1. Can you find, within the range 150-165, the residue that is farthest from residue 36 (Cα to Cα) among those that are at pLDDT 95 or above and surrounded by fewer than 21 Cβ atoms within 10 Å (Cβ to Cβ)?
2. Could you list, in sequence order, the residues of the range 203-218 that are touching a helix residue (DSSP H, G or I) at 6+ places or on another chain (Cβ under 7 Å) and outside any strand (DSSP E or B)?
3. Scan the range 242-258 for residues that are surrounded by fewer than 21 Cβ atoms within 10 Å (Cβ to Cβ), within 21 Å of residue 206 (Cα to Cα) and touching a strand residue (DSSP E or B) at 6+ places or on another chain (Cβ under 7 Å) and report the count.
4. Taking residue 211 as the residue in question, decide whether it is loosely packed, with under 15 Cβ neighbours inside 10 Å and modelled with pLDDT of 95 or more.
5. Take the conditions surrounded by fewer than 24 Cβ atoms within 10 Å (Cβ to Cβ) and closer than 15 Å to residue 206 by Cβ and apply them to residue 130. Does it pass?
6. Name the residues in the range 238-262 that are in a loop (DSSP other than H, G, I, E, B) and either touching a helix residue (DSSP H, G or I) at 6+ places or on another chain (Cβ under 7 Å) or not assigned by TED's automatic domain parsing to the domain that holds residue 131 (or both), would you?
7. When the residues of the range 175-201 are filtered to those that are under 21 Å from the mean Cα position of the chain (by Cα), modelled with pLDDT of 95 or more and not in a helix (DSSP H, G or I), which remaining residue is surrounded by the fewest Cβ atoms within 10 Å (Cβ to Cβ)?
8. Kindly indicate whether residue 120 is under 22 Å from residue 187 (Cα atoms) and touching a residue at least 12 places away in the same chain (Cβ under 8 Å).
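The values are calculated or read from the model by the stated rules, or taken from the named source; none is laboratory data. This is a predicted model, so every value here is computed, not measured. Cβ placement follows ideal geometry from the backbone for every residue including glycine, while neighbour counts extend to all protein chains displayed.
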C-alpha cells in the first residue's frame, strides 16, 4: 500500500493536534542518564491517552542550533501538565534532558493512536527501558475508562542504575512494577520477558526495544492471547509527511502485505499486523 502525504494543517484538523511552546514545570534526574520532565500543556493533557506521543524540540526560534524534534510517549497527565521520560542517547536527547524549570520547548501533540483495551479484564504490560512511559499513564486512564481492569506491570532494564525509581513509578501510575534487570543488580535477574506469565491474561501490551517486542509478540501469538505493541521508530515529523517511519505490515484477513507509518497508523499495532 502507498501513502499520500497530507499537509500538516489537514492532519492537525483531523486529530486536533496542538503545536505550541510549553514551559517546563518540573525536571529531575530519575535514573542513570534518565530524566523526568513535566510541561504545562493543557490542550495536550486534556486529550492524551496511553500509547500516544508528542514531538518535542526547539523549532527554528529556540536557543542553540535547531535540530529535528524527538518523539516521546506521554507518560503522565496531571491537571494541565504532561510528563515525559527522557533517556540520553545523543546530542538531541541530551539537550532535552538539560531543560530546567522555566525553560520552554516546542511540543506537537498528542500524536498517533493508543492502546485499545476493549473488554479485557486482566492486562499484562511489559516495558523495556523508557518503553515504561505509556504504562505510567495507563492505570489511571483505565480507572476512568474501564474501572475494574487489573493491570500487571513488568519493567526491565540492563542494570539497576538505569531503573526508574520504583517508588516514583507507584506514585505516578498507582501500581507497583515488577522490576527485572539483566545483571541482577535490582529486582529479579533476567530478561523482562522471562516474567511474562500469560495465564489468566486477556490482553498483552508491550513497549520497548524491537527485539523485546518481537519476543513478546511471539509469546502472545503462540498462546492465542490478544497482543498490542507500541513500536519505537525514528521519525522527523510525527505526522506522516516525511514518510520516514514506515514499517512492514500484513492484513490479517486478506494476507496482503504493505507498509504503515508508525507515526500515523501507530505507534500501537495489533501484534498480528506486524510483518516481523
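1. It comes out as 150.
2. Selection gives 208, 209, 212, 215, 216, 217.
3. Within the range 242-258, residues that are surrounded by fewer than 21 Cβ atoms within 10 Å (Cβ to Cβ), within 21 Å of residue 206 (Cα to Cα) and touching a strand residue (DSSP E or B) at 6+ places or on another chain (Cβ under 7 Å) number 4.
4. Spelling it out, residue 211 is indeed loosely packed, with under 15 Cβ neighbours inside 10 Å and modelled with pLDDT of 95 or more.
5. It is false that residue 130 is surrounded by fewer than 24 Cβ atoms within 10 Å (Cβ to Cβ) and closer than 15 Å to residue 206 by Cβ.
6. 238, 239, 240, 241, 245, 252
7. The qualifying residue surrounded by the fewest Cβ atoms within 10 Å (Cβ to Cβ) is 176.
8. Against the criterion (under 22 Å from residue 187 (Cα atoms) and touching a residue at least 12 places away in the same chain (Cβ under 8 Å)), residue 120 does not qualify.
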